[in-house]
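Structure, as structure tokens:
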Amino acid sequence: QVQLVESGGGLVQAGGSLRLSCAASGSIFRFGAMGWYRQAPGKQRELVATFTSGDFTNYADSVKGRFTVSRDNAKNTVYLQMNSLKPEDTAVYYCYAYSRSVGSNYWGQGTQVTVSS
């Protein structure tokens, strides 16, 4: 059973920074892709930043240059460094993993990020 546990969310002023962490149960090498999505109130869940096992990264246009996704294989943890935060970044952020061997997506429980103006 795959578990993804996010942490690091909170309240920050516009222009500030936060770092989200996603700790996976077991090795993250087994996943073909990992990353972050977010969902704001009344909106659909959207991609924020992901990377593949081949280290190809993909960012939403709205976060390019401000957010960075990274991983620590030894800690089985994925991070999302968020700088220059804007009120429109306010959302619940979800960690995501895709297993090619099983053909399944996995999601964390989500962590709230609120950016005040």
Looking at segment 91-105, which of its residues are open to solvent by 50 Å² or more (accessible area, probe 1.4 Å) and in a strand (DSSP E or B)? Tyr98, Asn105
Subset of segment 106-117 that is out of contact with any Gly (no Cβ under 9 Å at 6 or more places or on another chain) and assigned to a loop (DSSP other than H, G, I, E, B) - its residue that is most open to solvent (accessible area, probe 1.4 Å): Ser117
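Checking the conditions here, which among Leu85, Leu80 is farther than 16 Å from Glu6 by Cα, at pLDDT 95 or above and aliphatic (A, V, I, L, M)? Steps first, answer last, please.
Values: Leu80 fails: farther than 16 Å from Glu6 by Cα.
When all the criteria are applied, what remains is Leu85.
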Using the structure shown, decide if Phe67 is in contact (Cβ under 8 Å) with a residue 60 or more places away in the chain and touching a Phe, Trp or Tyr at 6+ places or on another chain (Cβ under 8 Å). no
Suppose we filter segment 82-102 for residues that are within 16 Å of the chain's Cα centre (by Cα) and more than 13 Å from Gly15 (Cα to Cα); how many remain? 8
Output the residue which, of all residues in segment 2-37 that are hydroxyl-bearing (Ser, Thr, Tyr) and under 22 Å from Asn83 (Cα atoms), is surrounded by the most Cβ atoms within 10 Å (Cβ to Cβ). Tyr37
Grab the strands (runs of 3 or more DSSP E) fully contained in segment 1-85, keeping just those with 2 or more residues being over 16 Å from Trp107 (Cα atoms) and not small (Gly, Ala, Ser). 10-13, 18-24, 57-59, 67-72, 77-82
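The values are calculated or read from the model by the stated rules, or taken from the named source; none is laboratory data. Note that the structure is predicted; figures quoted are calculated from it, not measured. Because the Cβ atoms are built from the backbone with ideal geometry, glycine has one as well, and the counts that use them run over all protein chains shown. Heads up: the accessible areas ignore ligands, DNA and RNA and are worked out on the full protein's heavy atoms, side chains in. Shrake-Rupley method; radii C 1.70, N 1.55, O 1.52, S 1.80 Å.
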